Amino acid sequence: MLVTVCACAFYFFLGLVFCTQAGIYVYQLLDWYVSVAIPVFGLIECLVFGWIYGAERFSRDIEMMLGRGVPVFVRICWCFVTPVVLLILFVSTFISYKPPTYGDYVYPSYVNLLGWCVGLMPLLPVIVVGVGTVANTPGHSIIQRLKSSMRPSPFWKPISKRHAFDYDAHESAVPLSFWKQVKVNIFGGNDAK
């Protein structure tokens, strides 16, 4: 209860700036930069679900919950189409970037720096958790730690014993080549043939 009251009071006082004459300028600045992280988050999610965790595993998880897997078209979108579109969106945003203005007012350069910090702040937890995970993963080199940290935990299993057995039966002990992994991600069937 106390945390809720403190959070509400903090955000109430933080929002008071929007009620002043400078409020529209602050709003315009936040509106200009706050959408920077959205395509980055989407790209990270597509890479994680499509390639690191694997579209095949994710499809099996959905099938376990809903009773049907994910169509090939959706897998292609997860692995290829959506990441490319988001990357193009992100790059085009940086190419066409212009410092924020409001009417005739041009914001000072230090305010632009503050705007970039606010826009990129949502990515900070992702970076901190990622670096912490790689740092705490056993391994001799950074590359080994990075590879190990990108594998799903062998201890994760569905709570249902039947689903856990099915989950283990589909896991391949043999690492797949890149092209076999692409085939498995798109068409399914985790066989190491």
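The values are calculated or read from the model by the stated rules, or taken from the named source; none is laboratory data. Please read all numbers here as calculations on a predicted model, not as lab measurements. Backbone-built Cβ (ideal geometry, glycine too); neighbour counts: all protein chains shown.
Computed values, structure above
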quantity: Filtered residue count, segment 72-89, keeping only those that are surrounded by fewer than 17 Cβ atoms within 10 Å (Cβ to Cβ) and out of contact with any Ser or Thr (no Cβ under 9 Å at 6 or more places or on another chain); calculated: 10
quantity: Any hit, segment 27-44, residues being within 13 Å of the chain's Cα centre (by Cα), within 30 Å of Ala164 (Cβ to Cβ) and hydrophobic (A, V, I, L, M, F, W, C); calculated: yes
quantity: So Ala7, is it over 23 Å from Val182 (Cα atoms) and exposed (fewer than 14 other Cβ atoms within 10 Å of the Cβ); calculated: yes
quantity: Failed item in (1) polar (S, T, N, Q); (2) assigned to a helix (DSSP H, G or I); (3) surrounded by fewer than 16 Cβ atoms within 10 Å (Cβ to Cβ), with Gln28 passing the rest; calculated: (3)
quantity: So Gly115, is it closer than 30 Å to Ser35 by Cα, among the small types (Gly, Ala, Ser) and within 19 Å of the chain's Cα centre (by Cα); calculated: no
quantity: Filter pass, Gly139 being in a helix (DSSP H, G or I), farther than 19 Å from Tyr53 by Cβ and at pLDDT 85 or above; calculated: no
quantity: Total residues in segment 94-115, condition assigned to a helix (DSSP H, G or I) and surrounded by 13 or more Cβ atoms within 10 Å (Cβ to Cβ); calculated: 4
